[in-house]
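S.K.: Sharing a structure here in structure tokens format.
Quick note: the coordinates plus some simple rules give every number you see, no bench work behind them. None of the values given here were measured: they were computed from a predicted structure. Ideal geometry is used to build each Cβ from the backbone, glycine not excepted, and the neighbour counts take in all protein chains shown.
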Amino acid sequence: MKIESIATIKKELKHLPKEELLELCIRLGKFKKENKAMLTYLLFQADDEEGYIESVKSTTDELFEEMNTGSYFFMKKTIRKILRQTKVFIRYSTNKTTEVELLLYFCECLVTLKPSIFNNTTLNNLYDRQIASIRKKVSALHEDLQFDYNLRLDELEDALG
């Protein structure tokens, strides 16, 4: 099966009646969990970005609390899973400040973990990559936001030592 481009799909969707569009959306939501989550965001949370950020933060907190900290092996698996989930939530929102806010929160949660992630090379490198990624994303934001986010990044680095 040849998959059509977004432009072609958009043109075709313009010609469909409202009832068929509704049915397509419902089918799309039933097909995959991510599609349903995306529709949920667009319909119920897109107009309240702060509320969305808070709900993602609480989900992140729950995932960190459930983490098996008995060994670094299990911690690595769980941390990668949480980061993947966070990036999925980021993709739903097209707001760059939401992306920076959620990644910063993820890093703040990493810093507070016990045992420390900085005793493990893999987790330390993951943390460093996220900090570098955040710095790059912050540099594209408005100056006032850059200042605020750079302060938070500096606090994270100061907490390390």
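S.K.: Using the Cβ atoms and a cut-off under 13 Å, what net charge is assigned to the surroundings of Gly29, where Lys and Arg are +1 and Asp and Glu are -1? Each step should come with its number before you reach the end.
M.R.: Working: positive: Arg27, Lys30, Lys32, Lys33, Lys36; negative: Glu23, Glu34.
Around Gly29, the charge tally is +3.
S.K.: Using mean Cβ contacts within 10 Å as the protection proxy, how do 17-27, 105-115, 139-149 order, highest first? It would help to have the intermediate numbers written out before the result.
M.R.: Details: 17-27: 10.6, 105-115: 16.0, 139-149: 12.5.
The densest-packed peptide leads the list: 105-115, 139-149, 17-27.
S.K.: Which net charge results when you count Lys and Arg as +1 and Asp and Glu as -1 among the other residues whose beta-carbon is under 15 Å from that of Asp48? Please report the intermediate quantities before stating the final value.
M.R.: On the way: positive: Lys57; negative: Asp47, Glu49, Glu50, Glu54, Glu101.
Local net charge: -4.
S.K.: How would you classify segment 47-160 from its alpha-carbon gyration tensor, with a ≥ b ≥ c the square roots of the eigenvalues: rounded for a/c under 1.5, else prolate if a/b is greater than b/c, otherwise oblate? Let's see the in-between values first.
M.R.: Working: a/c = 2.10, a/b = 1.35, b/c = 1.55.
In terms of gyration-tensor shape, oblate.
S.K.: Helix-only mean residue ellipticity at 222 nm, the chain, DSSP H runs n ≥ 4 weighted -39,500 (n - 2.57), per residue, nearest 500. What is it? Show your work: numbers first, answer last.
M.R.: Working: 8 runs with 121 residues, N = 161.
-24500 deg cm²/dmol, from helical runs alone.
S.K.: Further question: Looking at segment 30-93, which trypsin sites (Lys or Arg not before Pro) are DSSP coil and have at most 14 other C-beta atoms within 10 Å of their C-beta? Working shown, then result.
M.R.: Values: sites: Lys30, Lys32, Lys33, Lys36, Lys57, Lys76, Lys77, Arg80, Lys81, Arg84, Lys87, Arg91; in loops: Lys32.
Sites meeting the loop and neighbour criteria: Lys32.
S.K.: Okay, moving on. List the aspartates and glutamates whose alpha-carbon lies under 13 Å from that of Lys77, not counting same-chain residues fewer than 8 positions away?
M.R.: Correct list for Lys77: Glu66.
S.K.: Sticking with this structure for a sec: Which is farthest toward the positive dipole end of the chain among Ser71, Asn150, Cys107, measuring Cα position about the Cα centre, with Cβ charges +1 (Lys, Arg) and -1 (Asp, Glu)?
M.R.: So the residue furthest toward the plus end is Ser71.
S.K.: Assuming 0.36 nm per residue, please report the length gained on full extension of the stretch Met38 to Thr122 beyond their Cα-Cα distance.
M.R.: On the way: separation 84, 0.36 × 84 = 30.24 nm, distance 3.13 nm.
Computed gain between Met38 and Thr122 is 27.1 nm.
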